[in-house]
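To start, the structure itself, in C-alpha cells.
The values are calculated or read from the model by the stated rules, or taken from the named source; none is laboratory data. Source: prediction; values computed, not measured. Virtual Cβ from ideal backbone geometry, glycine too; neighbours counted across all protein chains shown.
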Amino acid sequence: MKFKGLNVLQIVGPKNSGKTMHAEWLISHLKERGLRVGALKHSSHPHPIDRPGSDSFRLQTAGASPTVFYSANSMGIFYPSIDEKEADRLLAAAFKEVDLVIVESFNAANGPKIVLDEDGRQWKHFTQAIAVISETAISTDLPLFKKFDERLIDFVIEHFHLTR
C-alpha cells in the first residue's frame, strides 16, 4: 500500500496490546478537535467482514468515517479481492475527504507508526516508528507516551500539521 496523498498514522504492536482501543481513543479525541478521521483495519487472515463487536465495527462506532477493512480476501467497503494498485486507488477515493487515516495492524505498510511496546523490544523493528506507547519506562530515542496520554493527541496533530 502506498497511501499516496493521504496523512496516514499506523498503530502497531503485538496481538492484544491495545491497538484497537488506542485507535478508537485517537479517533474520538481527534474528532472532538474538529478533524475528519478515517480508519483502516488490516488483517492478514481471511475472514468475514464487519460483524458487531469486530475491530472495524468498533472503529466505526468510535466515529471514523469511512471505515475500511482490508484483509487477504476482501476489503470493506465490501469490494471483492483486488490487487494493490486498485486498492490504492480505492483507498485514496474513500479517504479523500479526511484529514488523517488511522491504520490498525498493517505492520508491513509504508508510513509513520506509533508502536505499543511493553518490553522495549517492539519499536526497534519499525524503521518508521515516530512514537512509542508503554506503561514501562523503556529506553528509546522516540517520544514515549503512557497509554491514553492526552499529549499524544497534540503530538499527532503537530506531526501531521493538522488544523481545522
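A few comments on the model shown:
- Scanning region 131-164 for residues that are assigned to a loop (DSSP other than H, G, I, E, B) and acidic (Asp, Glu) turns up 135, 141, 149.
- Scanning region 128-155 for residues that are over 22 Å from residue 8 (Cα atoms) and not acidic (Asp, Glu) yields 136, 137, 138, 139, 140.
- Options 85, 96; residue that is surrounded by fewer than 21 Cβ atoms within 10 Å (Cβ to Cβ), modelled with pLDDT of 80 or more and not in a loop (DSSP other than H, G, I, E, B): 85
- Residue pairs meeting the criteria (Cβ under 7 Å; at least 6 apart or on separate chains; first farther than 15 Å from residue 160 by Cα, in region 3-27; second polar (S, T, N, Q)): 12/105; 12/107; 13/122; 14/122; 19/105
- Within region 111-130, tally of residues that are assigned to a loop (DSSP other than H, G, I, E, B) and either of a type in the set (A, V, I, L, M) or in contact with a Lys or Arg (Cβ under 7 Å, 6 or more places away or on another chain) (or both): 2
- Per the listing 5, 38, the residue uniquely at pLDDT below 90 and either at positive phi or surrounded by 19 or more Cβ atoms within 10 Å (Cβ to Cβ) (or both) is 5.
- Where residue 107 falls short, out of the listed (1) more than 23 Å from residue 21 (Cβ to Cβ); (2) assigned to a loop (DSSP other than H, G, I, E, B); (3) not small (Gly, Ala, Ser): (1)
- Residue that is surrounded by fewer than 19 Cβ atoms within 10 Å (Cβ to Cβ), at pLDDT below 80 and within 28 Å of residue 132 (Cα to Cα), where the choices are 44, 54, 28: 44
- Here residue 101 meets each of (1) of a type in the set (A, V, I, L, M); (2) without any contact (Cβ under 8 Å) to a residue 40 or more places away in the chain; (3) assigned to a strand (DSSP E or B) with one exception, condition (2).
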